[in-house]
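The values are calculated or read from the model by the stated rules, or taken from the named source; none is laboratory data. What you are looking at is a predicted structure, and each value in this text was computed from that prediction instead of being measured. All Cβ positions, even for glycine, are placed from backbone atoms using ideal geometry, and neighbour counts span all protein chains on display.
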Amino acid sequence: MNLFDDIKTGLEQAIEYERGKLNTRTTIMTIEPIECFKPDEIRRIRRDTGLTQRLFAQYIGVSIKTVEAWEAGRNHPEGAACRLLAMTRRDPMFPQKSGIVVAVSKQ
């Protein structure tokens, strides 16, 4: 089957679906709410990764001053930073497993 036939088949199936002649499976997805993190939780997550504030800041994509402010409670992470914190809390090795943090051995 060539590309034209694939497209034609897809369009025919779409028409059948619209006419109620074709049943399809439906998957419903939900998104977990963004979590809020307290200063001690952020510090614990960072320490569990074994990263310094500087390396943790580079991993998250923020300044070291931002990480310091989070851990001191002067500021709070938002959005994507919270998602990354949640993934890292679930798996402290996530920074390395994801390839964001790469260990380099010195000899």
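Please work out if G20 is loosely packed, with under 10 Cβ neighbours inside 10 Å and on the phi > 0 side of the Ramachandran plot. Yes, satisfied. Yes or no: region 38-54 includes at least one residue that is out of contact with any helix residue (DSSP H, G or I) (no Cβ under 9 Å at 6 or more places or on another chain), among the basic types (K, R) and under 30 Å from G10 (Cα atoms). So far as region 38-54 goes, no, none of its residues is out of contact with any helix residue (DSSP H, G or I) (no Cβ under 9 Å at 6 or more places or on another chain), among the basic types (K, R) and under 30 Å from G10 (Cα atoms). Identify the residue in region 36-48 that is of a type in the set (K, R) and under 20 Å from V101 (Cβ atoms) and, among all such residues, is surrounded by the fewest Cβ atoms within 10 Å (Cβ to Cβ). Result: R47. Checked against (1) closer than 14 Å to R46 by Cα; (2) without any contact (Cβ under 8 Å) to a residue 40 or more places away in the chain, K106 passes all but condition (1).
Quick one: is C82 touching a residue at least 24 places away in the same chain (Cβ under 8 Å), over 30 Å from L11 (Cβ atoms) and in a loop (DSSP other than H, G, I, E, B)? When the stated conditions are applied, C82 does not pass them.
E68 fulfils the conditions (1) farther than 21 Å from V101 by Cα; (2) surrounded by 12 or more Cβ atoms within 10 Å (Cβ to Cβ) except for a single criterion, (1).
Got at least one residue in region 42-58 being among the acidic types (D, E) and either modelled with pLDDT under 95 or touching a Leu at 6+ places or on another chain (Cβ under 9 Å) (or both)? Looking for residues that are among the acidic types (D, E) and either modelled with pLDDT under 95 or touching a Leu at 6+ places or on another chain (Cβ under 9 Å) (or both), one finds none in region 42-58, hence no. Apart from one condition, T27 fits all of (1) surrounded by 12 or more Cβ atoms within 10 Å (Cβ to Cβ); (2) among the β-branched types (V, I, T); (3) more than 14 Å from the chain's Cα centre (by Cα); the exception is (1). For region 72-89, filtered to residues that are closer than 24 Å to E32 by Cα and among the charged types (D, E, K, R), the residue that is surrounded by the most Cβ atoms within 10 Å (Cβ to Cβ) is R89. Exactly one residue among P33, P92 is without any contact (Cβ under 8 Å) to a residue 60 or more places away in the chain, surrounded by 12 or more Cβ atoms within 10 Å (Cβ to Cβ), assigned to a loop (DSSP other than H, G, I, E, B) and not β-branched (V, I, T), and that residue is P92.
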